[in-house]
Amino acid sequence: MIAIEDATYRYGPGDEPAVRDVSVSVAPGEMVGIVGPNGSGKSTLSRLMKGLIVPEAGRVTVDGRDTRDDALGVRRLVGLVFQNPDSQIVNSVVEDEVAFGPENLGLPASEIRRRVDQALDTVGLRGRERAESHAQSMADKQRIALAAVLAMEPRYLILDEPTAWMEPAKRTHLLERIREWQQETGGGLVVVTHRMDEARACDRLYGMLHGRVDVEGFPDRVLGDAEVRRRLALDVPEAYALAESLRAAGLPVQPGQSVDVLAEELCPS
Amino acid sequence: MLGSTPRFLSYQAGESILHRLDARTKLLGTAVVVADALIASIPAGMAVAYALGLLIGLGAIHLLPALWRTLRPLLVLIALFGVLIVIITPGHALFRVGFIVASRPGLDLAIQLGLQSFLIIYTSSLLTLTTPPLAIAGALDWTLGFLRHLRFPVQDVIAMVAIGLTFVPLLIEETRKVIVAQRARGADLGMNAMLDENAMAALLIPLLLANLRRGEELAESMDARLYGVGERTSLHERHFRRDDLLAATVLAVFTATDVVISFWLHP
Amino acid sequence: MPILEHTGRQGLDVGPGEIVSVLGAPGSGKTELALELAFLKVPSHGEVLLRGINPLAQRRFFQLSSRPHDVTLLVQNAEDQLFARTVYDDVAFGPRHLGVAEDEVERRVIAALEAVGLGVGVRARSPFALSGGERRRVALAGVLAMEPVVLVLDEPTANLDPQARNEFLRFLAPLRGKSAIVWLTDSAREATLADRIYLLQNGMLQPVPAREALLTDWRRLAEAGIELPAVFQLARALDERGLILPPEGTPEAMRQAIINAWCESHAG
């Protein structure tokens, strides 16, 4: 269990707190979404959970370990994939990049090999082991960055805008693979996103605004409110807005569906 | 993206013989070629050293055209320095043009230095082209490991340099991006920009900010993956293979020939 | 006569005050085209003509560059290139560099900031203290202050959150007629806001004959890797299922057509 309890954090002594009295929990096997506009404190939350920063007030614990006393223990348990893949890839060869974390853990070569192969499998990059990491497309670099974290076999995984650089088709595919990873390992998953379709896929949502938790609850309840969607600057897929307008015109469609489902509802085949 | 990133002399993935050699072999091999170039007599010893260089180049033959294109401008520089050395070195005059005197010892020295520096640059380029920066770091660490007993943080310093090298292509890309962006809104970032404080700021501040941000994110991502916490292991267990033995033999034979020729036969 | 013309890539032209969009999938080479159109890169095929002449060919040997100053480009993520202490100085950078007199600089800066909806309040502020969307608008003001005859926009709304994106589009609208605009985008919806549309595929440009025809030409867009607006995706799916729909060119008309067609088919 990741537990943030009444945490406050500011980056500089005179700054406004980036997060203020925030409480968030993530249980193993759960997928928790964190949504909100730029600068609302989403990324600060992921840094707190990863133990990269410690709160000035309140506390953060991961499976009972306090980030203040045992930051390294927490970092072993929690994996964090950052937003910009360009500035987190440190090795010129794909498999070396994925091996970087396990190497830091001091694992034997055979175990590193196993983890590298498995992680590349999960993100669908098997066969590209010896490719040059910096020469890959942004979307593939993001998958490399994800594999590099998966190879550390974390119990919790935090993804900061995991599909920001991807085309729609690849996006869904990657999310499916991440869900599979979760089902296999029973791990906890945190997804920081501004995309409503990704938020909908979560078990629970926290909506951040100005460094505070603005709303919290099940996706249907949080996202069902148009005013909340606007306030949290959520990127609503066009299909959702379309479904709502068709529904308003009296057509028998359910809100929050993909185009294919809409077509099936209107013209059953 | 602004076209293709100039990769210059940074690592190119591949499967050539040079790629497969152990990084330590390549590092020490480079050091041996440098030594060979420095002791070689002209012309016979140097011929041996260049033959060795050529043989090494054959180990990554597909990279040679690109390497030649990158190093070509360097020849102009070497030639310019050569001319300078010919002129300023005193000694028996070969010919004179006005008050400029070309000396025989100057010509000899220029040829020697020119051949030496080209071979050294060429060989070390082959090293960085076929070896990932972090592997070079590992090899340096192995070679200079004894310094650790003197409480010198070898590994940290080497890793910092190596990661810095990894990011050179991105840095170049970033620089080109900023230049294009500022030119796109009216700045001619030519020679007169050097004198214009405002234009320099337009170039340097975005560049500095981008790199600070990148450096910070990079450090964070390495921290997040527990870099520097304990003793590191490696995916590629380093062991010398038959290829490395072969390479060492080739190096030894050429070096011995070079020494014999340069010191005894044609000193 | 077009104000700007590209003779390579099967051709592109834009008339004075006209807005032309270039629609291309990610990775189709939009940025390279943008650099060519703004005289920042020499095209590999053909040449780019401003008022019928190629200014790069007019370069004299002692000149470093003969890039025309009345063609400006808003690069991708242009807010990363802000650098001055104040918003005012940043917007003034271009005109000052040209040697424009300071009172004229002031007039241009104020006009440019007004055009992007930034008031008196922000002038003395640091650009780094603004939000991402506001900084993008400061960057746009920076290229507007050059009073360009041609303005090239490379994915001007990329990486903005939805609210900032809508705001940004709102400030582009009044620019119509002031400069000729070439707008490169991967969004079919944004492309239809232009007067004319070109499709960019494999580095080649194809004019789309009528703006209205673009969105109904599903096959062509799919081939070029462009994502259709949801309502047209739905129209295509319904079409495949046998619902007969008229070819409509705007998302709104298409939505109405779907509603009408469905009601008719369920009337009996």
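Bear in mind that the values in this text are calculations on the coordinates, not laboratory data. If you're wondering where the values come from, they're calculated on a predicted model, not measured in any experiment. All Cβ positions, even for glycine, are placed from backbone atoms using ideal geometry, and neighbour counts span all protein chains on display.
Under 10 Å, Cα contacts only: if you run a Gaussian network model on chain B, which one of B:Val76, B:Val161, B:Val34 comes out with the highest mean-square fluctuation?
Judging by the Gaussian network model, the answer is B:Val76.
Arrange B:Glu197, A:Glu216, B:Glu220, C:Glu79 by Cβ neighbour counts within 10 Å, fewest through most, would you? Provide the component values of the computation, followed by the final result.
Numbers: B:Glu197 9, A:Glu216 14, B:Glu220 18, C:Glu79 21.
Fewest to most other Cβ atoms nearby, the residues stand as B:Glu197, A:Glu216, B:Glu220, C:Glu79.
Considering only DSSP beta bridges with both partners in chain C, what is the antiparallel share in %, to the nearest 5? Working shown, then result.
Numbers: 12 of 32 bridges.
Expressed as a percentage, antiparallel bridges in chain C total about 40.
Would you please give the FRET efficiency between C:Thr7 and B:Leu58, computed as 1/(1 + (r/R0)^6) with r the Cβ-Cβ distance and R0 = 51 Å, to the nearest 0.05?
0.65
What size of dipole, in debye to the nearest 20, comes out for chain C about its Cα centre when the only charges are +1 on Lys and Arg C-beta atoms and -1 on Asp and Glu C-beta atoms?
Result for chain C is approximately 360 debye, rounded to the nearest 20.
Using the Cα gyration tensor of the stretch C:229-268, with a ≥ b ≥ c the square roots of its eigenvalues, what is the shape: rounded (a/c below 1.5), prolate (a/b larger than b/c) or oblate (neither)? Show your work: numbers first, answer last.
Numbers: a/c = 2.23, a/b = 1.42, b/c = 1.58.
Here the stretch C:229-268 falls in the oblate category.
Taking the Cα centroid of the stretch C:167-205 and of the stretch C:63-109, what is the distance between the two, rounded to the nearest whole Å?
Cα centroid of the stretch C:167-205 versus Cα centroid of the stretch C:63-109: 23 Å apart.
Mind scanning A:Lys170/B:Lys177; A:Lys42/A:Lys141; A:Lys141/B:Lys177 and naming the pairs with a C-alpha gap bigger than 26 Å?
Working: A:Lys170/B:Lys177 28 Å; A:Lys42/A:Lys141 22 Å; A:Lys141/B:Lys177 20 Å.
Check vs 26 Å cut-off fails for A:Lys170/B:Lys177.
Could you pull out which residues in the stretch B:105-131 have an amide N less than 19 Å from a spot 7 Å beyond the Cα of B:Leu75, following the Cα-Cβ vector?
Within reach of a label on B:Leu75, which here means backbone N under 19 Å from a point 7 Å along Cα→Cβ, the stretch B:105-131 contributes B:110-126.
From the square roots a ≥ b ≥ c of the eigenvalues of the alpha-carbon gyration tensor of the stretch B:153-232, which class results: rounded (a/c under 1.5), prolate (a/b over b/c), or oblate?
Values: a/c = 3.43, a/b = 2.81, b/c = 1.22.
Prolate, since a/c reaches 1.5 and a/b exceeds b/c.
Percent relative contact order of chain B, based on C-alpha pairs within less than 8 angstrom and at least six residues apart?
33 percent
Could you tell me the calculated FRET efficiency between A:Thr172 and C:Arg51, based on Cβ-Cβ distance and R0 = 56 angstrom, to the nearest 0.05?
Details: r = 48 Å, r/R0 = 0.86.
It comes out at approximately 0.70.
Which helices pass in chain C if a helix is a full DSSP H run, must span at least 20 angstrom along its long axis by Cα, and must have mean Kyte-Doolittle hydropathy not below 1.6?
Working: long enough: C:251-265 (21 Å, -0.20).
Span-like helices in chain C: none at all.
If you restrict to DSSP beta bridges whose two residues both lie in the protein assembly as shown, what percentage is antiparallel, to the nearest 5?
Working: 34 of 72 bridges.
Expressed as a percentage, antiparallel bridges in the protein assembly as shown total about 45.
Tell me the net charge near C:Leu153. Cut-off is 12 Å between Cβ atoms, C:Leu153 excluded, with +1 for each Lys or Arg and -1 for each Asp or Glu. Display every interim value, and only then the final one.
On the way: positive: C:Lys30, C:Arg136; negative: C:Asp154, C:Glu155, C:Glu190.
Residues near C:Leu153 contribute -1 overall.
Quick one: dipole size for the protein assembly as shown, taken about the Cα centre, charges +1 on Lys/Arg Cβ and -1 on Asp/Glu Cβ, in debye to the nearest 20.
Working: 81 positive and 97 negative charges, 384 e Å.
Magnitude of the dipole: close to 1840 debye.
If you take the charge dipole of the protein assembly as shown about its Cα centre, with +1 on Lys and Arg Cβ and -1 on Asp and Glu Cβ, which of C:Val149, B:Leu203, B:Ser41 is farthest toward its positive end?
Toward the positive end, the furthest listed residue is B:Ser41.
Top mean-square fluctuation among A:Glu161, A:Glu184, A:Glu132, Gaussian network model of chain A, C-alpha springs under 10 Å?
Sorting by GNM fluctuation, first place goes to A:Glu184.
Is the C-alpha gyration tensor of the stretch B:37-96 telling us rounded, prolate or oblate? Criteria: a/c under 1.5 is rounded; beyond that, a/b larger than b/c is prolate, otherwise oblate.
On the way: a/c = 4.08, a/b = 1.65, b/c = 2.48.
Oblate, because a/c is 1.5 or more while a/b does not exceed b/c.
Placing +1 at every Lys and Arg Cβ and -1 at every Asp and Glu Cβ, with all other atoms neutral, what dipole size does chain B have around its Cα centre, in debye to the nearest 20?
Working: 21 positive and 20 negative charges, 77 e Å.
The dipole magnitude comes to about 360 debye.
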